[in-house]
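Asks: Pasting a structure below so you can have a look.
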Amino acid sequence: GAGVSQSPRYKVAKRGQDVALRCDPISGHVSLFWYQQALGQGPEFLTYFQNEAQLDKSGLPSDRFFAERPEGSVSTLKIQRTQQEDSAVYLCASSMDRGHNSPLHFGNGTRLTVT
Amino acid sequence: AQSVSQHNHHVILSEAASLELGCNYSYGGTVNLFWYVQYPGQHLQLLLKYFSGDPLVKGIKGFEAEFIKSKFSFNLRKPSVQWSDTAEYFCAVNNAGNMLTFGGGTRLMVKP
């Protein structure tokens, strides 16, 4: 019954460290999205999964970013060799249907700070 | 690439004042339009959406938005705001691809 859950809520990483951000979507939701929200800006699309298939990764800013959803439920966004410009809130959203036919349900996000 | 502009970054109103938040987008084809709201300490949630049909769309909590195709606009309105409407509001556009393109957001503060 709960909404989209993201963990950790806050993550501080030293430059060069790898991080992994977790998203637990609403059970049964087909679509899962990752967005990046820099301070003072709107969310920007990173990647989209339909069940376990990553159908769109056009928004991933570099090959240091990798996302997976191996069983079509929980998803992990991994950032390798973090840089200061990676500091942002990472939002996960899920929806019942494919694409945007049904509303997106957002999690509270993970705030990543790279020092 | 499409873009979404929200020209008002910060808006301060007194309770009972009327609200209009501007949203313009750049894509010229068929679009789906959304307004999302983020109350303090909470997650983004859908306020209203337009896919087709009546260009005047009504959402939750007394909000409405009007799609004007010729102006590439989807402005959000509320006749009388309440203190509880204090939040950040995001306009977003989808053109049948996989992504939502969001505007930069408008922070609304309603003074009691």
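Asks: Of (1) in contact (Cβ under 8 Å) with a residue 60 or more places away in the chain; (2) more than 11 Å from the chain's Cα centre (by Cα), A:Ile79 satisfies all except one. Which?
Replies: Failing condition for A:Ile79: (2).
Asks: Could you look through segment A:62-115, keep only residues that are of a type in the set (Lys, Arg) and more than 13 Å from chain B (Cβ to nearest Cβ), and pick out the one that is surrounded by the most Cβ atoms within 10 Å (Cβ to Cβ)?
Replies: The selected residue is A:Arg69.
Asks: With the checklist (1) surrounded by fewer than 18 Cβ atoms within 10 Å (Cβ to Cβ); (2) polar (S, T, N, Q); (3) within 14 Å of another protein chain (Cβ to nearest Cβ); (4) touching a residue at least 12 places away in the same chain (Cβ under 8 Å) in hand, flag the one item B:Ser52 doesn't pass.
Replies: Every condition holds for B:Ser52 apart from (4).
Asks: Could you say whether any residue in segment A:34-48 is modelled with pLDDT of 95 or more, assigned to a strand (DSSP E or B) and more than 19 Å from B:Leu44 (Cα to Cα)?
Replies: Taking every residue of segment A:34-48 in turn, none turns out to be modelled with pLDDT of 95 or more, assigned to a strand (DSSP E or B) and more than 19 Å from B:Leu44 (Cα to Cα).
Asks: Being at the interface with chain B (Cβ under 8 Å from one of its Cβ atoms), outside any loop (DSSP other than H, G, I, E, B), in contact with a strand residue (DSSP E or B) (Cβ under 9 Å, 6 or more places away or on another chain) and more than 20 Å from A:Arg9 (Cβ to Cβ) is the requirement here; does A:Leu55 meet it?
Replies: Here the answer is yes, as A:Leu55 does meet what is asked.
Asks: Looking only at segment A:11-25, filter to residues that are over 12 Å from the mean Cα position of the chain (by Cα) and in a loop (DSSP other than H, G, I, E, B); which one of those is farthest from A:Gln84 (Cα to Cα)?
Replies: A:Asp18
Asks: Turning to a different aspect of this structure: Restricting attention to segment B:79-112, and to residues there that are of a type in the set (Phe, Trp, Tyr) and within 14 Å of chain A (Cβ to nearest Cβ), which single residue is farthest from A:Ser94 (Cα to Cα)?
Replies: This residue is B:Tyr89.
Asks: Does A:Gln54 fit the bill of being out of contact with any Leu (no Cβ under 6 Å at 6 or more places or on another chain), within 22 Å of B:Tyr39 (Cα to Cα) and of a type in the set (S, T, N, Q)?
Replies: no
Asks: Could you tell me how many of the residues in segment A:2-49 are away from chain B (no Cβ under 12 Å), charged (D, E, K, R) and under 22 Å from B:Gln38 (Cα atoms)?
Replies: 3
Asks: Is segment B:85-102 home to any residue that is farther than 30 Å from A:Gln50 by Cα, at pLDDT 95 or above and surrounded by fewer than 16 Cβ atoms within 10 Å (Cβ to Cβ)?
Replies: no
Asks: Tally the residues that are out of contact with any Asp or Glu (no Cβ under 8 Å at 6 or more places or on another chain) and either assigned to a strand (DSSP E or B) or among the small types (Gly, Ala, Ser) (or both), restricting the search to segment B:52-72.
Replies: Summing the residues that are out of contact with any Asp or Glu (no Cβ under 8 Å at 6 or more places or on another chain) and either assigned to a strand (DSSP E or B) or among the small types (Gly, Ala, Ser) (or both) in segment B:52-72 gives 10.
The values are calculated or read from the model by the stated rules, or taken from the named source; none is laboratory data. This one's a predicted model, so the numbers in the text were calculated from it and none came from an experiment. Note that we place each Cβ from the backbone using ideal geometry, even for glycine, and neighbour counts take in every protein chain shown.
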